[in-house]
1. Ordering B:His102, B:His277, A:His342 by how much accessible area each has at a 1.4 Å probe, largest first, what is the list?
2. Can you compute the charge dipole magnitude of chain A about its Cα centre, using +1 on each Lys and Arg Cβ and -1 on each Asp and Glu Cβ, nothing else charged? Give it in debye, rounded to the nearest 20.
3. List the GluC sites (Glu not before Pro) within the stretch B:75-142 that fall in a DSSP loop (any state other than H, G, I, E or B) and whose Cβ has at most 15 other Cβ atoms within 10 Å.
4. How tilted is helix B:347-365 with respect to the longest principal axis of chain B? Cα atoms for both, answer in degrees (0 to 90, nearest 10).
5. With contacts defined as alpha carbon pairs under 8 Å and 6 or more residues apart, what's the relative contact order of the stretch B:248-400 in percent?
6. Once the Cα atoms of helix B:370-383 and of chain B are each reduced to a long axis, what angle between those two axes, in degrees from 0 to 90 to the nearest 10, is obtained?
7. About its Cα centre, how strong a charge dipole does the stretch C:17-104 have in debye, to the nearest 20, once Lys and Arg get +1 and Asp and Glu get -1 at the Cβ?
8. Specify the inter-centroid distance of the stretch A:99-113 and the stretch A:550-604, based on alpha-carbon positions, in whole Å.
Amino acid sequence: MTNGEEITLVVDGVEVRAQAGMMLVDAAKHGDVEIPVFCYEPKLGQPVGACRMCLVEIEGIPKLQTACSTPVRDGMVVYTQTDRVQEAQNAVVEFLLVNHPLDCPVCDKGGECPLQDISMGWGPGKSRVIDPKRHFQKPIPLSPLIKIDRERCILCYRCVRFSQEVAEDEQLQLLERGASTFVGTFDDRPYIAPFHGNIIELCPVGALTSDAYRFRARPWDIEDAGTVCTLCPSQCNIKLTVRDERIQRVLARDNFEVDDGWLCDKGRFGYQMIESPDRITEPMIRQGGTLVPVSWEQALEAAAAGLRDAGERTAAVVGGPSSNEEGYLTQRIVRGPLGSPHVVSTYDDAVDRELLLELSRPQLAASVADIDRAESVLVLGTDPMHSMPIIDLRIRKVVRRNGTRLAVATDRPTSIDGVAEETARYSPGAMSAFVEALAAETGAEVYDRAEGELGADAERIAGILRPGSTVIVWAGEPSLAVADLAAQLDAKLLEIPAGANGRGLREVGCTPVAGPGLSETSTGLSPTDLCEALTEGDVEVAFLVNADPVRDAPNGPGWNEALQKAKFVLAISMFEDGSTKHADVVFPAESYTEKEGTVTHPDGRLQRVRPGVPHPGNARPMWEVLAELAGLLGDETGIDSAGEALAAIAQDVPFYARITEGEIGGLGVRWQEREAARNFPLAPGARPERSSVVVPTSHVGTTGGVPGASPAPASDQLQIGTYRDLWAAEVTDRSPALRFLRPTQTLELSPADAERLGLNGTPEVDVRQNGTSLRARVAIRERIRPGTAFLVDGLGDGAGALARHAVEVSAAEGGE
Amino acid sequence: MAGQTRMLFRHVDEPGLASIDTYRRLGGYRALEKALRDIDPDELLSSLEDSGLRGRGGAGFSMGKKASFLPRGDMEKFLCCNADESEPGAFKDRELMSKNPHQLIEGIVIAAVAAGIGQAFVFIRGEYWEVADILDRAVEEAYAAGYVGENILDTGHRVELVVHRGAGAYICGEETALLDALEGKRGNPRLKPPFPAIQGLYGGPTLINNVETLSNVPHIVKNGSDWFKGFGTEQSPGTKVVSVSGCVQRPGNYEIELGIPSREIIYGLAGGPPEGHEVKAWFPGGSSAPVLTADELDLPYSFESMADAGSMLGSGSIIVADENVSIPHLALRTARFYHHESCGKCTPCREGTNWTVKMLERVISGEATPMDLDVISSVQDNIIGNCLCVLGDSMAMPVGSMVAKFRHEFEAAIEAGRDAAPRPLDESPTDVKPVPVGAAG
Amino acid sequence: MSDGWVPEIKPTDDLSAADRRRLVESMRPEDAEPVPELSEVDIPDELRERIESAMQKYPEIRSASLPALWAVQRHYGWCTPEGIRQAAAVMGVTPGYLESVATFYDLFHTSPVGRHRVLVCHNLACWLRGAEDVLDAFCEAAGVDPDEADHIGTSSEDGAVYLRGFECLGACDIAPMASIDEHYYGPLTPEEARTAVEQLRSDARPIPDKALAGRETAGGPEPEPDPRVKEGEA
C-alpha cells in the first residue's frame, strides 16, 4: 500500500473511502464525521498531537490515538463516539478550561471560536473547577497590530509553530515550561514580521486578536465577500469581513495554487487604505489651479476632449493594480481611436516582442504549485519577500518539508538566503552577465564559461539545480539567457512582474512592444523614452490609469517634470498624489474590494476580482467609464458589463479564448492549462534570432562598465543598487495600522566598506551622485558584496535614480 | 554484604577506578578489543539480543532487540546514552558514571559498533556537573588511548562521543524529549511513531539506552550471553542496581539479582526504617510507581511481580515512607514535582498536574470536601492514557494510588486543615494574586 | 539595531489604556528581534570562542544552544538578554529562540541571581529526611523568604547566595542534600546549612566534609565477589 492509494476504512460503522497516508481526522470527514481538533492545522506542517482533543478508538490498538497524527490504513476500524472516547473528549475540554477565563461575552472570538464550539459539542457541559486560574496582564500589545490575551491562550502551539516553521522568523516563542508556559517574544519586544497577522487567524481562541478589528463586529453582524488582493503580484485570495458596507477585516481564502492559505500583513491590514477618508470619490476637473468635483458627463467630456486633441501624441501608463479589463480598454482607446502606440504598464524598459514571447511561452511557465513539486528552486534577481511575499513562504515550505534544494543569485541579500544551500551575489546591473555565466555552466554552449569569481559563483549555483525538476523564480533584467538557462535545465520560469497584475496587463496589450495577446503592433516608446518625450513635448498627453509614476518610477523626479510639462493629464486614481497634482481631469479609481473584473497571476492564472463593498461616493465601475470614454472617442465597444469586457479580451487575446467568469470561478484557472494555450503566438521550439535581442542600455550605469565586470569603485565610492521594500508603498502610508512600518531610507553596505569608508558607528550618511543627494541611515550587513550598497526605492526621495551608479558617501552633515 | 551481586559495581571503591589506567588494570577495555577484533558486528548484535539484557531506564525493553530495529545502511546513525537520571529516588547512574565512567564508555562504543553507529552522545542532566566533568575527562582519555574516535584500535571502526550537558528538566529523560534537547530545542516529547530507531536525532536512526544498560554491555561481550543469563531471572537476566532511599537506615545503591524478596532489599540491605519505626508505604520504582503498602513487602522484587501488584519496577528505585509520614503531604510533594516538570505540550498533563496540585493544596489547607477527593481521583483517571508521553501518567498513577489506598488520611487531613485555619463562611475563596509573568513553579 | 529598546513601560507592567496606547506608539519595526547581524553585536572573544567550539561538535548548529547558554551563564553569571543576543548572533538564530530554550530549563537563570547558587532538594527522598528544615535554615541564614525560595528561587540581599528549592537532584543516598555551585553536599543538618551560608558569604569552600565527591558506595566495603563474577574476570 502506497500513500495516495484509495483505501476503505470504517468510521463509526460507516464505510469511508480515503487515500492511504491521509490523516484520520481528514479521512473521517469523507464519512461526515467531525473529529474535534485544536492544535492540528495541516498548513503548519507535521501534526504535533499536543492538544489531545482528537483522541479516538482504533480497533486493535489498546490506547486511544490522536486522529490528527494517525495515517489511515485499509481496513482500519475507528470509533469516535464510544463512551471511552467521549470520556477522553470531555476530559480534554475540562482540562482546557481549567485555566481559560470563559470571558466569552467580552471576547472578540465569541461566535466564531473553536473553543466555544468544541466545548459545546464535545465538552462535559459543566465545570468542576473551583480553583483560581492563572493570571496575566491582558490584553497587551504583542505588536502594534496584534493584542495578546494570555489568559485565554490554550497553548495549542499554532502561533509559535507558524513563527518557527512557516514564516521562520522565530520571533514568537513559548517561554517558561509546563503550566507556566506562555507565548511571548525575546525581552518583551514587539513581534514585527511581514506575515505575523496570520497568527490571528490561526488562534483557535481569543488570545490573539487584531487590534484593528477589536470590538468592531460580532460574527452575526457581518457578511463575507471573496476577492483577490491586488496590492502585489502575489494576488492572494482574500475574504472581506463586511459590516454595514464597510470592510472590517481581511481574512485568507485558502487557495493552495496561489497562496497556500496565508496572507502578508500588507494584504491583511491594507484594507484601511480603502476605507481612508482621503479617497477621491468624485470625478474632478482642474479649474483655476484646483481640482473641483464635477458630474461624470462633464468629466468624461473633458477627458475625451483632452485625448482627442492629442490623438497619437497620447501615452497611457497603466498601473499594476489595474484589472485586465481596465488595461484592455485603456490600450484599446489609445491604440484605436487615438492611434498611439504608447502604452506602458511598467517603468522597466521593455524588451522586444520576440524576447517577451520567448519568456512567456506556456511550455516554460511554472505554476506556483510547481514549486512544491520541484527538486530545486533558483531565485534569481529578486527578493521574493519584497517582490511577491507569499512566494517567500512557499519556498521556505518546500525547503523545510520537501528538502527542495534552493539557490539564490541576486545583487542584494535576500530574506531566504538563510535557507538556501548556495547564494551568489553580483553587482547591481550585472544580472544578465551572471545569467549568461550560469547558462554556460549548465551547458548552454552559446555562452562562454566565465572566469574567476563569476565563474566560480555560477558553478556553485549550477551545482544545486536539478535538470528537469527546477523552478526559476526571477525578476529584473530580462534576457534571452534566462530562457536559455531554463531550456538547458528543462526548468520552468516564474517571473515576478513589477506590478500586481503586470502579467495580465502585458497580455492584454499594455506594453509598447505588443498588442493584445502579445500580437504584433507598431512599437511605442519605452518608459524611459516616454518620460523624455513628455518632457520634450513630443508626446503631449498622459493618461494615467491607477498609476503614480512620480512615486513608483525609479526616475520619479523626471516623471514629475514630464507630467508638469504635459499638455493634458487624465488620471484615474484612488488618491490625490504626486501625479494627480498635474492632472487636468481625475476619475475616482476603484479598489480591489469594489472592482469587478479579472487579473492574471504571474503564473498565468486568471482570477476574479469581485466587489465586496459599494463604490465610495460617485465612483463608478471603471470598465464602464472606460467603455463610455471609448464611445465618446468613436469606439462603440458595446461593452455593457464586466463580463462583456472579459469577453472582448477573450476575443482579442487568442490564448484567453472563450474564457468566462464562470470558468475562472472562485479559484481561478491558468490559461496555459486550457486548450486555447495552443493559440500562443510563438510556436513551441521556435526561437528568436539572437541578434534581435536588445540589451537594455539604460540598465548600464554611468561607470559605463560591461555588466558583470564589477567596476572597481573609487576608494570613497559604492556601486548602488535599489530595491522596492515591501513597505515602501502607498498602502503603508494610507493605512493607519501599517504606517509604523514605513521604511526609513537606509544605506546597506558590507562591513568591509563600512570599515574602508570609516562609517562604523556613523548613524546617518549623505549619499551623493552627480549633484543629487539624499540622506540615509547606515546598516552594516554581512552578506552584502563589498563595493556594492543598497537603497530603498519608492520612498519619493529619488533613490531610484541612483541605481547602478557609483556614489560618494559621507557622514551626514548636521546629523546626529 | 549479603544479597548483593556486584558486577557493574565490582571494584566500585577502588581508588582511581575513574582513570583509564586503573580501569584497564582491572580488565577494562578487553571487551572492546574482543568485540572489534574477534567478532563481527552482526554477531555482536545477536549476542546482545541473546543475552536477554533489558533496558534499565524504566521500560525494560530488550536492549539487543531495540538495537536491531535500526535500519542497516550507510546513513548516519546515532546512539544516545540517556544519563538524564531525574526520576525521584533514582541515583544509580550518577554513581555508575562517577565511579566507573570507562565501563560506560566501553559499553557505548561496543553498542555503537554493533549497530553500525558512528556518532554517540551522552545526554547527562545538567545538575550532574561534577559527574559530567569526570565523564569528560574519561572520554578524553579514551580518545587519547584510541578507544573512541576514528579508526578505533586500527579496526577501521569510527565512533565519536560527545558529552552533552542538559540544563535541568526531568522530561528530557523521556527519550524523544532527550532528542529535542540534544538538537538544541526545548525538551518536548515527540509524537511516536516515528520511533527513534527509525527517525530520531537529526531525523536519523537512533538508539537510545540508559547508562546502566550500556554499562552491562562490556560484561556480556567479555563473558558471553550464556554467562550473563546465569544471573537474575529468566525474564530479566543479569544484575540490577537498586537505589534505596527515604526512611531507611542505609540509603544507597545496591546491586542485586532481580527476584529476591523486596523485604530483603529494604530491610536486609538498606537496614529498614530506623529503630522503632515501620514501613507504611513504599514506591517500588521511583515516584512514578503506584505506592505499595507494608503488606506487600514480601513480594519478589521483579518486573513481573511489581506489575502484578499494580505497580512497576521502573528504574529500580525504592523510596520508603514510614508511619510518621502524612500521605496527603506525600501526594502533594509528588504532584508538585510532576506539575513542575510537565513540559506543557499536551493538555491533560499540563492542566491535569496543575489542577491536581491546587486540589491537594486545598485538601491540606482544609478548603476541600471529601467530594473533592472523588474529583481528584477522576482527574487522575482522565490523565491516564490520554497524554502525549508518560509524564502525566507518572503523576496520576501514584497520586491515584495514594488516594485509593489511604483515603481516610486525606479525609482526616481535610478536617485537620479546617481546624487549624478556620475561615468564616462569607470570606471569598483564596485571594487571587496575579502570577507574575515568567514565574516558574 | 535594537540597542535602543528601552521601553518606558514593559508590556508586562500593569497597563492602563493610555499606557497601552503609548506602548504601541513606541514600538518600531527595528525593535523586533530577528537574527542579529554579527557585525552589530560586540561579543567577548572568550565567549565567542566557546560557542563556536561547541557549534563544531555537533552535526547541526542548533545543538549548541545548551552549551552556548551555559557559556553565557558562566560569563555573565546569568543568561542576560545581551548575552543571549550575542550567542544568537554567533549561532545565527533569533534571541527569542534561545530565550525560549533558556526558560524551559531550570538551571538557566534569565534574571540576576546571587554569586553562589544553592539548590536544596525538596523532593520525596530528601523531604522524608528533613529537607524542609534544611531549606528553612538556609533561608534563615541568607535572610530570604523560604516560600519564595522554595517555589521560584531568590537571592540574598547582599547578592552572595541564590537559594532555590529544587526537584530531585539524584542524590537520595545523601538526603537531605543540596547542590552548591554545582557540587553536591549531604546529608545536611540545619546547622550545616547555616554554616554553609556563612562560608559562601566569604566565598570560602562550604562544608568540605559533606561533599559527595570521594564518598564511598553504600553497603560497606567491597564484598567477596560472587564466584560467577569472579569467573567473568578471569
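1. From most exposed to least exposed: B:His277, A:His342, B:His102.
2. Details: 80 positive and 119 negative charges, 378 e Å.
In debye, rounded to 20, chain A gives about 1820.
3. The qualifying sites are B:Glu76.
4. Approximately 50 degrees, to the nearest 10.
5. 21 percent
6. The helix B:370-383 is inclined about 30 degrees to chain B.
7. 340 debye
8. Each part reduced to its Cα centre gives a spacing of 45 Å.
The values are calculated or read from the model by the stated rules, or taken from the named source; none is laboratory data. Everything numeric in this text was worked out from a predicted model, so none of it was measured. Methodologically, a virtual Cβ is constructed for each residue, glycine included, from the backbone with ideal geometry; neighbour enumeration extends over all protein chains shown. Note: accessible area is taken over every heavy atom of the protein model, side chains too, but ligands, DNA and RNA are not part of it. Shrake-Rupley method; radii C 1.70, N 1.55, O 1.52, S 1.80 Å.
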